[in-house]
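Only the coordinates and a few stated rules stand behind these numbers; no lab work does. Owing to the predicted nature of the structure, the values given are computational and were not obtained by experimental measurement. Note that we place each Cβ from the backbone using ideal geometry, even for glycine, and neighbour counts take in every protein chain shown.
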Amino acid sequence: GGLRYRLSILKSGDAEGKSTQRFFYEYDAPRAGEGHLIHTYLGDGDPLPPFEGEPVRVAVEGDIDAFSHALWDSLNEENRVSLFVRFISLRTGLTETRIFNERLCAKNT
């Protein structure tokens, strides 16, 4: 029993884009105020270099709206495309989701 969550990262496995690498990360016994972040790019460049490594552990502060807006506002405006944030209640298992898309208005579910 108990709550857990799983994240996945898909990456191109070759220069031609014909192969896909799939990485899965499972987190048992999540802790309040802590989460994991996957981002698409690491650093600056032209073109932007792809993300490398595992999901990054982050402190989750405030409610979902404050947290997701802080993340969105921290992204470089020239490079940001979308953001998906999900909060999971450790007490009830209920989820809240926020999705931001540069081409659309922020969407809440």
Using the Karplus curve 6.51 cos²θ - 1.76 cosθ + 1.60 with θ = phi - 60°, what ³J(HN,Hα) values do you get for each residue of segment 8-16, in whole Hz, with x for Gly and Pro? 9, 10, 10, 9, 5, x, 7, 5, 7
Alpha carbon centroid spacing (whole Å) that separates segment 1-34 from segment 42-109: 15
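Any chance you could run the full-extension gain for Glu52 through Phe23? It's 0.36 nm times the residue separation minus the Cα-Cα distance, nm to one decimal.
Result: 9.3 nm gained on full extension.
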What spacing in nm lies between the two simple spin-label points modelled at Glu61 and Leu75, each 7 Å away from Cα in the Cβ direction? 2.2
Would you mind ranking Arg103, Arg31 so that the residue whose beta carbon has the fewest other beta carbons within 10 Å leads the list? Arg103, Arg31
Mind checking the dipole of segment 14-85: about its Cα centre, +1 per Lys or Arg Cβ, -1 per Asp or Glu Cβ, Debye to the nearest 20? 220
Among [x] 1.18; [y] 1.03; [z] 1.28, the value of Cα Rg over 2.2 N^0.38 Å computed for this structure carries the label [x]
In nm, spacing of pseudo-spin labels at Arg86 and His36 (7 Å Cα→C-beta vector): 1.2
Order by protection proxy (mean Cβ within 10 Å, highest first), peptides 71-80, 93-102: 93-102, 71-80
When Val60, Val81 are arranged by how many other beta-carbons sit within 10 Å of their Cβ, fewest first, they go Val81, Val60
Farthest toward the dipole's positive end in the chain, which of Leu3, Phe100, Tyr27, given Cβ charges of +1 (Lys, Arg) and -1 (Asp, Glu) about the Cα centre? Leu3
Under 5 Å between amide H atoms, partner at least 5 residues away or on a different chain: which partners does Val60 have, H built in plane at 1.01 Å? Glu34, Gly35
Once you list every other residue whose beta carbon is under 9 Å from the beta carbon of Tyr27, what net charge do they have if Lys and Arg are +1 and Asp and Glu are -1? 0
Work out the charge dipole of the chain with +1 on the Cβ of Lys and Arg and -1 on the Cβ of Asp and Glu about the Cα centre, then indicate which of Phe87, Thr40, Val58 is farthest towards its positive end. Phe87
